[in-house]
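Written out below as structure tokens is the structure these notes cover.
Each reported figure results from applying straightforward, stated rules to the coordinates on display, with no laboratory input. Because the structure is a prediction, the values reported are computed rather than measured. Every residue, glycine among them, receives a Cβ derived from its backbone with ideal geometry; neighbour counts consider all protein chains shown.
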Amino acid sequence: MNSSLFGEHGQSTQLSQKFVQRFLTVNPDTQHKMRDLAIAQIPHLDAEIVMGFGTPEDQKNDRQVEMTALSDLLIEEVRSADVLVIGLPMYNFSLPSTLKSWFDFIARAGVTFKYTEQGPVGLLAGKKAYIMAARGGQYAGTEHDTQTALVRHFLSFIGIQDVEFVYAEGLNMGDDIKGQAINDAEKVIDSLVA
């Protein structure tokens, strides 16, 4: 899944495409589905959508029916996948709003997680996620990396514990740094897919 506003020209998209191509070469029988959030944008949540998720089908309005069906589709895509690959650019020190919308549409109590006396339990266990994080600056391992913990926590919340990050950082800090960052990220991809 890609979340770059720049579509196929985004660095995170290009890294996720390289990862998928190499993964499919090593695992040629793998079925592959791609979702591009720049093309098929997911609306931001509002009260009507959230209320619709919990309303009986025969009592939903047309928009609630449509938005619940979209949520069900997105959840089924994740449920049916063994491996998720997410292209993750950093915009203004955070996630793309399109990715946050995707999170919001797949986090549904009783469907992808449940609350217990011991706390929340994710219901989408047994999957592996690879996050291709592309950033203009250098943030990994610093207090300014607002993405890694958030993405890891969200995926864990819905049951996906096995998460690997591949970072390409400093992409706006000159051609030499950019070239080295992409080269290093591709080496990590090679090691993960081998």
(message) Let me spell it out: the conditions are (1) touching a residue at least 40 places away in the same chain (Cβ under 8 Å); (2) touching a Lys or Arg at 6+ places or on another chain (Cβ under 7 Å); (3) more than 20 Å from Glu186 (Cβ to Cβ), and Met90 meets all of them except one. Which number is the exception?
(response) (3)
(request) Tell me which residues, restricted to the range 158-181, are under 29 Å from Thr30 (Cα atoms), of a type outside the set (Ser, Thr, Tyr) and surrounded by 17 or more Cβ atoms within 10 Å (Cβ to Cβ). (result) Ile158, Gly159, Ile160, Val163, Phe165, Val166, Ala168, Ala181
(request) Read through the list (1) more than 21 Å from Val163 (Cβ to Cβ); (2) surrounded by 12 or more Cβ atoms within 10 Å (Cβ to Cβ); (3) of a type in the set (Asp, Glu), then give the number of the only condition that Asp46 fails. (result) (2)
(message) Return the residues of the range 16-75 that are within 25 Å of Leu95 (Cβ to Cβ), touching a residue at least 24 places away in the same chain (Cβ under 8 Å), among the aliphatic types (A, V, I, L, M) and assigned to a helix (DSSP H, G or I); say none if nothing qualifies.
(response) Val20, Met67, Leu70, Leu74, Ile75
(message) So for the range 167-189 (the condition being touching a Lys or Arg at 6+ places or on another chain (Cβ under 6 Å), within 11 Å of Ile131 (Cβ to Cβ) and touching a residue at least 12 places away in the same chain (Cβ under 8 Å)), does at least one residue qualify?
(response) no
(request) Test Val111 against the stated conditions and say whether it is assigned to a loop (DSSP other than H, G, I, E, B) and among the β-branched types (Val, Ile, Thr). (result) yes
